[in-house]
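The structure appears below as structure tokens.
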Amino acid sequence: MLKIKLFLLLARHGNTFESQEKPFWVGKDQDLPLTSFGRSQGETLGNWLQQYLEANSLHLPYILAGPLKRTREYAKLLKTSSPIKIHSALEEIDYGPWGGKTEEEIQESLEKNKQSETIFSDWVKFSKWPHSIFPQQEKEVEAQIEQLIQEILLELEQGKFEKDLLVPLISSNGKLRYFLKFLFPEEWKRWQEEGKGRFKVKTGNICLLRFEEGKWFLDLWDHKIKV
């Protein structure tokens with residue numbers, strides 16, 4: 001049994017829209033940079049992270065980030081001495097025809113194409129994959145997350161670390177929820193039944209997952225940090 005505790009800090013990148021701009025859906029093909037406020041969110045996370053590491057005597061071996069501008073830039077704002085590794089599993093989902101459209105435009109396109117308007121709300125509230133819309137297959141996304149987690153756990157099993165550690169993973173809203181589905185399937189099912197859209201991780205917010213004595217624990221989800 002591994003005695004070392006592992007914390008996965010799932011962080012959604014900061015804002016990519018200015019306050020006066022109308023947001024649209026941003027998938028893997030919409031490679032937007034952070035706004036000034038988005039960068040300040042990264043700096044806030046960096047300050048919080050330093051305090052959390054010191055308070056809990058945790059080692060930060062590296063930061064994992066998706067390949068898009070917004071996640072790479074956000075990772076750099078954490079300002080740690082640890083290396084940043086780019087991992088394709090943390091790239092945002094391909095939203096296909098929804099990418100670059102506002103919610104109103106998405107609803108209009110569904111009506112125009114005589115598709116059920118509940119497809120959109122089913123994804124937002126229940127996280128039900130719209131197979132007729134997204135180019136990717138859900139199983140592909142699930143496999144990416146599973147492989148990433150196994151890679152990190154393998155390093156633990158190989159004895160590469162001697163103290164409790166925390167690994168930040170910087171990604172986007174669509175992809176982060178699949179850590180919940182893979183590691184906490186019962187919680188996923190319960191949240192789907194509630195239909196309150198609890199899967200969403202807001203920009204700048206974090207989730208904290210803990211691996212201890214062979215079990216995973218969900219400590220935080222969509223948590224707004226304060227310093």
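What do you reckon, is L153 touching a residue at least 24 places away in the same chain (Cβ under 8 Å), surrounded by fewer than 19 Cβ atoms within 10 Å (Cβ to Cβ) and part of a helix (DSSP H, G or I)?
For L153, the condition - touching a residue at least 24 places away in the same chain (Cβ under 8 Å), surrounded by fewer than 19 Cβ atoms within 10 Å (Cβ to Cβ) and part of a helix (DSSP H, G or I) - is met.
I'm trying to understand the selection: among the residues of the range 22-41, which are free of Cβ contacts under 8 Å to residues at least 60 places away in the same chain and either out of contact with any Ser or Thr (no Cβ under 9 Å at 6 or more places or on another chain) or under 18 Å from K175 (Cβ atoms) (or both)?
Listed by number, the residues that qualify are D31, L32, L34, S36, R39, S40.
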Can you say whether K226 is within 23 Å of A143 (Cβ to Cβ) and out of contact with any helix residue (DSSP H, G or I) (no Cβ under 7 Å at 6 or more places or on another chain), as far as the supplied structure shows? no
Would you say E212 is out of contact with any His (no Cβ under 8 Å at 6 or more places or on another chain) and over 30 Å from N47 (Cα atoms)? no
Collect the residues in the range 43-75 that are of a type outside the set (S, T, N, Q), more than 16 Å from S172 (Cα to Cα) and without any contact (Cβ under 8 Å) to a residue 40 or more places away in the chain, keeping them in residue-number order. E43, G46, E54, A55
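Which residues, counting only those in the range 156-179, are part of a helix (DSSP H, G or I), among the aliphatic types (A, V, I, L, M) and within 21 Å of K200 (Cα to Cα)?
The one that is part of a helix (DSSP H, G or I), among the aliphatic types (A, V, I, L, M) and within 21 Å of K200 (Cα to Cα): L176.
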Going through the range 73-104 one residue at a time, which ones are of a type outside the set (S, T, Y), in contact with a helix residue (DSSP H, G or I) (Cβ under 9 Å, 6 or more places away or on another chain) and assigned to a helix (DSSP H, G or I)? E73, A75, K76, A89, L90, P97, W98, E103
Over the range 180-227, the set of residues loosely packed, with under 15 Cβ neighbours inside 10 Å and assigned to a loop (DSSP other than H, G, I, E, B) is G195, K196, G197, K202, E213, G214, K224, K226, V227
Just to be sure before I move on: is L53 surrounded by 15 or more Cβ atoms within 10 Å (Cβ to Cβ), part of a helix (DSSP H, G or I) and not acidic (D, E) in the structure I sent? yes
Unique residue being among the β-branched types (V, I, T) and either in contact with a Ser or Thr (Cβ under 8 Å, 6 or more places away or on another chain) or crowded, with 21+ Cβ neighbours inside 10 Å (or both) when the list is I4, I86, I63: I63
Could you check how many residues of the range 179-197 are over 18 Å from H13 (Cα atoms) and in contact with a helix residue (DSSP H, G or I) (Cβ under 6 Å, 6 or more places away or on another chain)? 6
Evaluation of G159 against (1) over 28 Å from L45 (Cβ atoms); (2) surrounded by fewer than 18 Cβ atoms within 10 Å (Cβ to Cβ); (3) touching a helix residue (DSSP H, G or I) at 6+ places or on another chain (Cβ under 7 Å); (4) not charged (D, E, K, R) (one fails), failing number: (3)
Kindly indicate whether E117 is loosely packed, with under 14 Cβ neighbours inside 10 Å and at pLDDT below 95. yes
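The values are calculated or read from the model by the stated rules, or taken from the named source; none is laboratory data. Since we're looking at a predicted model, the values are computed, not measured. Cβ sites come from the backbone with ideal geometry, for glycine too, and all protein chains shown count toward neighbours.
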